[in-house]
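Note sheet for the following structure.
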Amino acid sequence: MEGYKPKREEALELLKKHNKNDALIKHALAVEAVMGHFAEKFGEEPEKWRAIGLIHDLDYEKYPDQHCLKTREMLEEEGWPEDYIRAVQSHGWKICTDVEPVEKMEKVLYTIDELTGLIVATVLMRPNRSIMDLTAKSVKKKWKQKGFAAGVDRAIIAEGAELLGMEITEVIDDTIQGMQSAAEELGLKGDA
């Protein structure tokens, strides 16, 4: 299908077809929001970046051992464009694929995937449980605590920021802003 560009509704439907876990769906929605934010910041296509954010972990619930690899098959079956598939695969670079993030969209996805998890964990530790008044400074404090959100690979986030040529504080700030736009949907509006 030459020129086919999947829409958000298709991406969301596909995500929910293959994932029932609420946490995985919320993670996808967080990554979608942040991808949209960065697309606008860089003057790119928000619809495309958002769709990729939604389906980046498409195979994770059913095939965690084949993460990013099964997604290729799943998206090819759906007729998704190669650049979307490659972007999704690149977020697993050095973890489960050898597809290096080259395009700006790929570098953003690679960087913010882990970062959204750190931000959610930070928000849930706050008394107001709200992302609306969260600052990059608060996230950086938690970043330094190795035992906090230990599953979050900070080296990937740092490497991604470097690939983007951005300071880590700016990446965190932009990621927070993107997530704030979906705070209600993510359950992170809290009491702020």
Q) Using alpha carbons only, how many degrees (0 to 90, rounded to 10) separate the axis of helix 22-41 from the longest principal axis of the chain? A) 90 degrees
Q. If one takes the longest principal axis of the Cα atoms in the chain, at what angle in degrees, from 0 to 90 and to the nearest 10, does the Cα axis of helix 168-180 lie?
A. 80 degrees
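If packing is taken as the average count of other Cβ atoms within 10 Å, what order do 7-15, 104-112, 179-187 fall into, highest mean first?
Details: 7-15: 16.4, 104-112: 25.7, 179-187: 18.1.
Going from most to least packed, we get 104-112, 179-187, 7-15.
Under the Kirkwood approximation for Rh and a Cα-based Rg, what ratio Rg/Rh is obtained for the chain? Before the final figure, lay out the partial values.
Values: Rg = 15.7 Å, Rh = 16.6 Å.
Here Rg/Rh amounts to 0.95.
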Q) Which angle from 0 to 90°, rounded to the nearest 10, does the C-alpha axis of helix 104-125 make with the longest principal axis of the chain? A) 40 degrees
Q | Karplus-derived HN-Hα couplings along region 139-153 (A = 6.51, B = -1.76, C = 1.60, θ = phi - 60°), whole Hz, x at Gly and Pro | A | 5, 5, 4, 5, 3, 6, 7, 4, x, 7, 6, 4, x, 7, 7
**Q.** Normalised contact order of region 38-192, rounded percent, pairs of Cα under 8 Å and 6 or more residues apart
**A.** 21 percent
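Read the figures in this text as sums done on the coordinates, not as results from a lab. Just so it is clear, the model here is predicted, and its values are computed rather than measured. Quick reminder, even Gly has a Cβ in these numbers, built from the backbone with ideal geometry, and neighbours come from all protein chains shown.
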